[in-house]
Amino acid sequence: FHNTQEIISFRALSEIAPLSYVVMDHRLLDLFCLVKAGQGWKLARPWLTAAIDMRTRKWLAWAVVETPSSDSIATVLKRTFLDHGIPSAVYWDNGKDFRCEWLEGGQRKQGSAPATRELAPAFRGVMETLGVRVHHAIVKRARSKIIEPNFGNTANFDRTLPEYCGHKPDARPEALESMVAQHEKWLTGQEACPTPFRTIEQIAGLYDEQIQT
């Protein structure tokens, strides 16, 4: 019902200006890469944290990270602000990494403590300090975030890489099993050949070039 029948409203994108809204979200990439684990390496599926302009759909900034967090959001925001300027508003998810006090400000309410006066500017969230309004997408409604269709392009790029693992175990290519086996032999010193997987930094470089293109 939600996906096919419910009445929805459509944004008049032609009536808003570039940088009126910056849309952000995370996406789990469909591939494996090497990430540091103590003195060694482990296999992990990296994440893409990205921002696009709602009006033009231009990719503004992005980061490939092991785990999405407020830090990866801050990294992308900083790059967006420096390269393109301060937007009027941001439009993003409802996750706790987006709603954190460092980004959005506000105060934690615990117990029945009395209300406090307004926070000093130095202690407000980054968005409030910069005068950027924050809008949250509809909960559990992927199509409410216009960045989701754009992630389809990165999903298509995932499929072109040898490290592609599919979006679920049933979709994993047969070649991946032999790659993992070779990697495990390399970890234990049984295999002289290097691991077939690239590091997260190398993967990030590939996505930098692809998204810019």
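Only the coordinates and a few stated rules stand behind these numbers; no lab work does. Computed from a predicted structure; not experimentally measured.
Assorted remarks:
- For the stretch 204-213, backbone phi angles converted through the Karplus equation (6.51, -1.76, 1.60; θ = phi - 60°) give residue-by-residue couplings of 4, x, 5, 6, 4, 5, 5, 5, 4, 5 Hz, Gly and Pro being listed as x.
- For the stretch 128-194, Kirkwood radius (reciprocal of mean inverse C-alpha pair distance, Å): 15.8 Å
- Taking amide H as placed 1.01 Å from N in the peptide plane, Leu60 has its amide H under 5 Å from the amide H of Ala51, Ile52, Asp53, each at least 5 places away in sequence or on another chain.
- For Leu31, the residues whose modelled amide H falls within less than 5 Å of its own, excluding neighbours fewer than 5 places apart on the same chain, are Cys165.
- For Asp25, the residues whose amide H sits under 5 Å from its own are Ala50, ignoring neighbours fewer than 5 places away on the same chain, with H placed 1.01 Å from N.
- Once you reduce the stretch 172-193 and the stretch 43-93 to the center of their Cα atoms, the two points are 33 Å from each other.
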